[in-house]
1. Pull up the stretch 61-87, narrow it to residues that are touching a residue at least 40 places away in the same chain (Cβ under 8 Å) and not in a loop (DSSP other than H, G, I, E, B), then point me to the one that is surrounded by the most Cβ atoms within 10 Å (Cβ to Cβ).
2. Take the stretch 88-115 and flag every residue that is part of a helix (DSSP H, G or I) and over 19 Å from residue 182 (Cβ atoms).
3. Would you please name the residue that is nearest to the ligand (Cβ to nearest atom), looking only at residues in the stretch 208-223 that are surrounded by 12 or more Cβ atoms within 10 Å (Cβ to Cβ) and over 15 Å from the mean Cα position of the chain (by Cα)?
4. Residues of the stretch 104-151 being of a type in the set (A, V, I, L, M, F, W, C) and closer than 30 Å to residue 36 by Cβ, which ones?
5. Please verify whether the stretch 103-124 includes one or more residues that are farther than 25 Å from residue 195 by Cα and either acidic (Asp, Glu) or away from the ligand (no atom under 16 Å from the Cβ) (or both).
6. Specify the residue that is nearest to the chain's Cα centre (by Cα); the eligible residues are those in the stretch 146-189 that are of a type in the set (Ser, Thr, Tyr) and more than 8 Å from the ligand (Cβ to nearest atom).
7. Looking only at the stretch 121-138, count every residue that is crowded, with 16+ Cβ neighbours inside 10 Å, more than 22 Å from residue 55 (Cβ to Cβ) and under 18 Å from the mean Cα position of the chain (by Cα) and tell me the total.
Amino acid sequence: MALPPSSIGPILDARLSLEKCSSTADRVSAATPLESQIRVVPPSEYKAAAQCLAEAFVEDLVIRYPIDTPDRAHWTEDQRFTLHRQALEYITYAHCVKGLVTTVGDDYGCVALWMPPGKNMDDWCTILRSGMWRLNFQLSSEGKKRFFDEFLPLLHTTKEEVMGERDDDCWYLVYLGTKVDSRGRGYARKLVEHVTAQADHENRACYLESSNDINPVIYGKMGFKFVKKIYLKRAEKAIRMDIMVREPMQTTTNGKL
Ligand SMILES: CC(C)(COP(=O)(O)OP(=O)(O)OC[C@H]1O[C@@H](n2cnc3c(N)ncnc32)[C@H](O)[C@@H]1OP(=O)(O)O)[C@@H](O)C(=O)NCCC(=O)NCCS
């Protein structure tokens, strides 16, 4: 069930609209250097944001799971990367229109896709507008089984099971990626804390699935706790994902812990 937009708390809205609407002069005069300011990505910029994610996740076993299939063994890496990038373009566009896409750093150095509480991208209008429907024709037969029959249902049922009554009332970090050249500058932390501060204010949890061995350590530093492992099983070797939840933390009136 979709919540009214007013239920997405006031602080983030105010901060985001400030960042969206402030003039260049305002921004230049601000103490923070421009390149480290957070911006909301509008639908018109979805391709550039998706390019960041495509680069960040180029070797990610989970995102590549429906693409690197035995029945596409004859494809070149260029063909696979193109499909990988296109799939991320569809999902990024869907989040621009139905969720929240943020970026920080030069040339979309780091990008986060969030689904706010009460929102989803499952409606036909979004599936059509974003181009997600094209995956039905672009993925191979095995790719479709992996994506539509295994991956999506597994993510859906796991989130429902882990979050229970709060499934529709939490912030969902869908993808977070930093281009290789932009890593280690605190960008990912910045984009995560941008929303976790809001989640704390709303007393809401944040949920994510992570696909890389080091990520639980990184997300642990941002207050997420490991909940369970899940596995994709259609490939030769099962692929593990870690489910993590960040419970809301108490804040004082000035927003500090
Ligand atoms: C995970 C990822 C987003 C981190 O991006 P980043 O912008 O380099 O991260 P930050 O610079 O904000 O670092 C955040 C914290 O994690 C730590 N960290 C980052 N990379 C690390 C690594 N490889 N090993 C150990 N710690 C690491 C940093 O030291 C920092 O800790 P601190 O703030 O306490 O000092 C980036 O490595 C990436 O895009 N990876 C591939 C895609 C991916 O796996 N995304 C996440 C799954 S959805």
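1. 87
2. 89, 90, 91, 93, 94, 95, 96, 97, 98, listed by residue number.
3. Applying the first criterion (surrounded by 12 or more Cβ atoms within 10 Å (Cβ to Cβ)) to the stretch 208-223 yields 208-212, 215-216, 218-220, 222-223.
Restricting the remaining residues to those that are over 15 Å from the mean Cα position of the chain (by Cα) gives 216, 218, 220, 222-223.
Working: 216: 10, 218: 4, 220: 9, 222: 7, 223: 11 Å.
Out of the qualifying residues, it is 218.
4. 104, 110, 111, 112, 113, 114, 115, 121
5. yes
6. Kept after step one, since they are of a type in the set (Ser, Thr, Tyr), are these residues of the stretch 146-189: 157-158, 172, 175, 178, 182, 187.
Keeping just the survivors that are more than 8 Å from the ligand (Cβ to nearest atom) gives 157-158, 172.
Values: 157: 18, 158: 17, 172: 8 Å.
Of everything passing the filter in the stretch 146-189, 172 is nearest to the chain's Cα centre (by Cα).
7. Qualifying residue count, the stretch 121-138: 3.
Yes/no matrix, rows are residues, columns are (1) in contact with a helix residue (DSSP H, G or I) (Cβ under 7 Å, 6 or more places away or on another chain); (2) under 22 Å from residue 168 (Cβ atoms):
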position: 75; (1), (2): no, no
position: 89; (1), (2): yes, no
position: 98; (1), (2): yes, yes
position: 118; (1), (2): yes, yes
position: 122; (1), (2): no, yes
position: 128; (1), (2): no, no
position: 133; (1), (2): yes, no
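FYI, it's all coordinate maths here, none of it is from the lab. As the structure is a prediction and not an experimental result, all values here were calculated from the model. Backbone-built Cβ (ideal geometry, glycine too); neighbour counts: all protein chains shown.
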